[in-house]
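One structure below.
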Amino acid sequence: MSFLLFLRENARWLTGGFLLTFFSSFGQTFFISLSAGNIRQEYALSHGAFGMIYMLATLASALTMPRFGQIVDRYTVRTVTFIIVPILAMACVLMALSTSVLVLVATIYLLRLFGQGMMTQNALTAMGRWYAAQRGRAVSITILGHNVGEAVFPIVFVTVAGLVGWRNGWLIAAAFLVVVALPVISGLMAVERAPRSSDPAPRATTTRDWTRGEVMRDPLFYALLLGVMAPGFIGTTIAFHQIYLVELRGWSLEVFASSFTFMAAMTVICALVAGQLVDRFSAVSLLPTFLLPLAVACLVLASFEAQWTAFAFMGLLGVSYGFSATLFGALWPEIYGTRHLGAVRASIVAIMVFATAVGPGLTGFLIDLGVSYPLQVATMGFYCFAAALLMLAVSRRLTARALQTGEASATSAP
């Protein structure tokens, strides 16, 4: 099936998934960090103190995610949307009205759980279940909502906040979620997708449906996590401390902000390319590649001080983001099946949220201690090179295990 025909026949579900990830932006680090300066000023917080608050709130959301995220196995996408979007809007209202540090912690917890966590969980679990041979394409289009959000919302929010104030900007975000996101997404997802006769035959697979308990006992799962956590940890860290980075390098904040658009463009291109490659070869076969651009990006950012470095870093980060986002959406059902996908993904998302929580808090603490920020970034780059080698070994082990499972199934068949 051609890509255009695929888009046309699946427009409503792909659009619904795209909008879920697009509006998850209100709980993503890049959006929350746009108000970081105002928050630190009004609450009298240092870089390390705000980073610690952010880390604790995000960790709390990660601990909640494995339990709450299972609702996508019990309810339809539309029903889950009616639950999570209003709560995300309420969190935006709390951000606008809060004057207490305790309320700030609760606000960030809700933003992270229902924005970054559940909006994405709802979208990618649906794509993993509804598509088989075309799963890579479906995931690559759905996760573009993240990238479009990164390209659009920073400019829009900075403009709106400049006109009406940062708190009123959050109130407008809440209104947009209730008035636009909720009715549109629920309308698009009112009908669940069913297999069609025009769907291509899925790639032959020996994957069985693993329970979450079985996944938690799989040694290869934890090896995978060492690679999976890296993009979120590094990307979140850079986005959270972007003001500090700009001041450290003496860059123009406006020029640096524009580099996010470049990153988003690269992510979109590479996500679509990755979707085609996943459908052709498999997600497991692409595992050794996605961290290499990120490794180079970190070393470039750590080694050079010119303004162009921001665009080089963001471009390479976009390459890794594009491949990793599509890869992670397709990888888990490919390895562990789809029957318990919601519960499995909830645990994985929780761990990834944990990584995004640790990044800002740990680096903020080290900054307060006087540890060189470029040195920290360089260390992240060397880690990515080591993790890429590990992913090569994991990919080979997963392929061998699938072959063994297939041989066992063939032997036991009547």
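Report the Cα centroid-to-centroid distance between region 221-244 and region 63-132 in angstrom, as an integer.
20
Given 0.36 nm per residue, what is the gain on full extension from residue 87 to residue 133 after removing their alpha carbon distance, in nm?
Fully extending the segment from residue 87 to residue 133 adds 13.1 nm.
Given a Förster radius of 51 Å and the C-beta distance between residue 217 and residue 371 as r, what FRET efficiency does 1/(1 + (r/R0)^6) yield to the nearest 0.05?
According to the calculation, E is roughly 0.85.
Find which of 130, 88, 109 sits farthest along the positive direction of the dipole of region 3-138, computed with +1 on the beta-carbon of Lys and Arg, -1 on that of Asp and Glu, about the Cα centre.
Going by the Cα projections, it comes out as 130.
Quick one: if the Förster radius is 51 Å, what FRET efficiency do residue 99 and residue 192 give, using the C-beta to C-beta distance and rounding to 0.05?
0.75
Can you tell me which of 102, 20, 177 moves the most in a GNM of the chain? Springs connect C-alpha atoms under 10 Å apart.
Most flexible of the set in this elastic network: 102.
For region 315-414, just run the numbers: alpha carbon Rg, then divide by 2.2 N^0.38 Å, N being how many residues it has.
Ratio of Cα Rg to 2.2 N^0.38 Å: 1.47.
Please compute, over every Cα-Cα pair in region 88-140, the percentage with a separation greater than 15 angstrom.
Above the 15 Å cut-off, region 88-140 has 56 percent of its Cα pairs.
Once both labels are modelled 7 Å past Cα along the beta-carbon direction, what's the residue 396-residue 76 spacing in nm?
Each label point lies 7 Å from its Cα, and together they span 4.8 nm.
So what's the projected area for region 1-95, the Cα convex hull averaged over all directions, in nm²?
For region 1-95, the mean projected area of the Cα convex hull comes to 8.4 nm².
If you consider only alpha-carbon coordinates, what radius of gyration and Dmax does region 217-376 have, in Å?
When restricted to Cα atoms, region 217-376 yields Rg and Dmax of 16.7, 52 Å.
Sort 23, 323, 82 by heavy-atom solvent-accessible area, probe 1.4 angstrom, most to least.
82, 323, 23
Taking the C-alpha atoms of the chain, how large are the radius of gyration and the largest Cα-Cα span, Dmax, in Å?
Just the Cα atoms of the chain yield Rg and Dmax of 20.7, 72 Å.
For every helix of n ≥ 4 consecutive DSSP H residues, a contribution of -39,500 (n - 2.57) applies; sum these over the chain, divide by its total residues, and give [θ] at 222 nm rounded to the nearest 500 deg cm²/dmol.
-26000 deg cm²/dmol
Convert 10 °C to kelvin, take the viscosity as 1.306 mPa s, use the Kirkwood radius over C-alpha pairs of region 288-351 as Rh, and evaluate the Stokes-Einstein diffusion coefficient in µm²/s, rounded to a whole number.
Stokes-Einstein gives a translational diffusion coefficient of 118 µm²/s.
With the other protein chains left in place, how much accessible area per residue, in square angstrom, belongs to region 16-103 at a 1.4 angstrom probe?
38
Using each residue's phi in region 31-46, evaluate 6.51 cos²θ - 1.76 cosθ + 1.60 at θ = phi - 60° and report the 3J(HN,Hα) Karplus result to the nearest Hz, with x for Gly and Pro.
In residue order, the calculated couplings are 7, 4, 5, 5, 9, 4, x, 5, 5, 4, 5, 6, 9, 6, 10, 7 Hz.
So, by mean Cβ neighbours within 10 angstrom, what's the order for 372-378, 329-335 with the highest one leading?
329-335, 372-378
So if R0 is 51 Å, what FRET efficiency would residue 67 and residue 306 give, r being the distance between their Cβ atoms, rounded to the nearest 0.05?
Working from the Cβ atoms, E equals 0.60.
The values are calculated or read from the model by the stated rules, or taken from the named source; none is laboratory data. On a predicted model such as this, the values are computed, not experimentally measured, just so you know. Backbone-built Cβ (ideal geometry, glycine too); neighbour counts: all protein chains shown. The accessibility values were calculated without ligands, DNA or RNA, using every heavy atom of the protein model including side chains. Shrake-Rupley method; radii C 1.70, N 1.55, O 1.52, S 1.80 Å.
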